[in-house]
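Participant: Below: one structure in structure tokens.
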Amino acid sequence: MKLKAFTFFTASLLYSMPLIALVDSTELPKMKPVIDPLSGTNIFQMVGGLLLVLFIVILVAWLVRRVGGVTMVGGGVMSIIGGMSMGARERVVLLQVGEEQLLIGLSPGRIQKLHVLKNPIDIQPKKIVDNNFANKLSEVLRGKSK
């Protein structure tokens, strides 16, 4: 069995020799020289692309901040008066829509109207308390603290 395999291999090798000799070496595709991936040109191209992407990200962030993001124009017809968490992912929210107040239940896959208040709750605007650390620090540095 081994002798037959060896004979077949040598015979196929010998019969293919004339075919290899007929191939013109000028028709073979030329191999491109291997380029070093750590060459100066490749590193410059990689760093340049990285800086370009970073610049685009910073530019888009600046534009979004400058424009102020997306705002909805509604004239203040609907507003959230208050809310309370009822569980890990459930909330109850009180909405003011025109003259009506709605109690809405929110869960991850569902929004449901729980109740429409017949007598709207009068909500007084909260007094703004100045707890800004920067303002207090500047007052202390000026000597106006109590």
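We did not get these values from a lab; they are worked out from the coordinates using the rules stated. These figures come from a predicted structure and were not determined experimentally. In this analysis, Cβ positions are derived from the backbone assuming ideal geometry, glycine residues included, and neighbour counts consider all displayed protein chains.
Participant: For a Förster distance of 41 Å, can you work out the FRET efficiency between the beta-carbons of L103 and E139, rounded to the nearest 0.05?
Facilitator: Details: r = 42 Å, r/R0 = 1.03.
Calculated transfer efficiency: 0.45.
Participant: Just want the ordering: R91, R66, from fewest to most Cβ atoms lying within 10 Å of their own Cβ.
Facilitator: R66, R91
Participant: Subtracting the Cα-Cα distance from 0.36 nm times the residue separation, let me have the gained length for I58 to F44 in nm, one decimal.
Facilitator: 2.9 nm
Participant: Turning to a different aspect of this structure: Order of L38, L106 from fewest to most other C-beta atoms within 10 Å?
Facilitator: L38, L106
Participant: Let me check I have the definition right: for segment 78-117, take the eigenvalues of the Cα gyration tensor, multiply each by 5, take square roots. What are those semi-axes in whole Å, largest first?
Facilitator: 19, 10, 8
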